[in-house]
Amino acid sequence: GYNKISYIPLNKNVGIATAQNIGIKHFICKKFDYIIFSDQDSVASEGLISELLFVFESLANNNIKVAALGPLPINRVTAKPYITSTNIKEIFSKGKICDNYSLYEMYSIISSFSIIKLDSFELVGTLEDNLFIDGVDDEWGWRAFYKGGLRSFIVYELTFSHFQGSDNNVIYKK
């Protein structure tokens, strides 16, 4: 119920990185294992979180160090995926790494519905406050890879509806 909700008022726009860092530190102090981010313009399907946890744990059980794992964001207007081909490192077909799922290894993924193990922040550090909003997800994903050897993935079969600002032209076709 609502008694498990923590509300931390910031009383001003401190930027997404700082706001998320406050949440990250809160959940680290509460000794949570994972954090899942969500934007106000994102809508998840039922069961999405449990499926993401299953894939995350499957990767970890196969000794893959995961930075962030997320579903495929689908543009609410065009109904096409928000993935640029330049951001894909490798495409793993269904079953190659995780049964029943195709994975796109990415240089970075958008934060909405991404799941991150909280101990990753101890290894890599939190989000870069000075970036405010643009590039926050990218910078952390790159740092996680180069500093900690952690990898980021999109699960192609898991999707969510998203509306990303005014740029609806960045699309990757499988």
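The values are calculated or read from the model by the stated rules, or taken from the named source; none is laboratory data. Owing to the predicted nature of the structure, the values given are computational and were not obtained by experimental measurement. So basically every Cβ, Gly included, is an ideal-geometry build from the backbone, and we count neighbours across all protein chains shown. Please note that ligands, DNA and RNA were not included when accessible areas were found on the heavy atoms of the full protein model with its side chains. Shrake-Rupley method; radii C 1.70, N 1.55, O 1.52, S 1.80 Å.
Please work out if residue 133 is of a type in the set (A, V, I, L, M, F, W, C), more than 18 Å from residue 51 (Cα to Cα) and over 14 Å from the mean Cα position of the chain (by Cα).
Yes, satisfied.
Within segment 115-137, restricting attention to residues that are touching a strand residue (DSSP E or B) at 6+ places or on another chain (Cβ under 9 Å) and modelled with pLDDT of 95 or more, which residue is farthest from residue 25 (Cα to Cα)? Steps first, please.
So the first thing to find is which residues in segment 115-137 are touching a strand residue (DSSP E or B) at 6+ places or on another chain (Cβ under 9 Å), and the list is 115-118, 120-121, 124, 137.
Going one step further and asking which of them are modelled with pLDDT of 95 or more, we end up with 115-118, 120-121, 124.
Working: 115: 15, 116: 13, 117: 13, 118: 9, 120: 12, 121: 9, 124: 14 Å.
Step by step, filter segment 115-137, then rank; the result is 115.
I'd like the residue in segment 61-86 that is under 19 Å from residue 141 (Cα atoms) and free of Cβ contacts under 8 Å to residues at least 24 places away in the same chain and, out of all such residues, is most open to solvent (accessible area, probe 1.4 Å).
Of all residues in segment 61-86, those under 19 Å from residue 141 (Cα atoms) come to 63-73, 82-86.
Now drop any that are not free of Cβ contacts under 8 Å to residues at least 24 places away in the same chain, which leaves 63, 86.
Numbers: 63: 138, 86: 115 Å².
Ranking the qualifying residues of segment 61-86, first place goes to 63.
Sort out which residues of segment 1-48 are over 17 Å from residue 125 (Cβ atoms), open to solvent by less than 60 Å² (accessible area, probe 1.4 Å) and in a helix (DSSP H, G or I), and write them in order of number.
48
Quick one: how many residues across segment 101-124 are within 17 Å of residue 37 (Cα to Cα), over 12 Å from the mean Cα position of the chain (by Cα) and open to solvent by 20 Å² or more (accessible area, probe 1.4 Å)?
Residues in segment 101-124 being within 17 Å of residue 37 (Cα to Cα), over 12 Å from the mean Cα position of the chain (by Cα) and open to solvent by 20 Å² or more (accessible area, probe 1.4 Å): 1 in total.
Just one of 138, 134 is of a type outside the set (S, T, N, Q), assigned to a loop (DSSP other than H, G, I, E, B), open to solvent by 30 Å² or more (accessible area, probe 1.4 Å) and out of contact with any Lys or Arg (no Cβ under 6 Å at 6 or more places or on another chain); which is it?
Details: 138 fails: assigned to a loop (DSSP other than H, G, I, E, B).
Answer to the selection: 134.
Considering 33, 39, which residue is modelled with pLDDT under 95 and either under 30 Å from residue 95 (Cβ atoms) or of a type outside the set (S, T, N, Q) (or both)?
39
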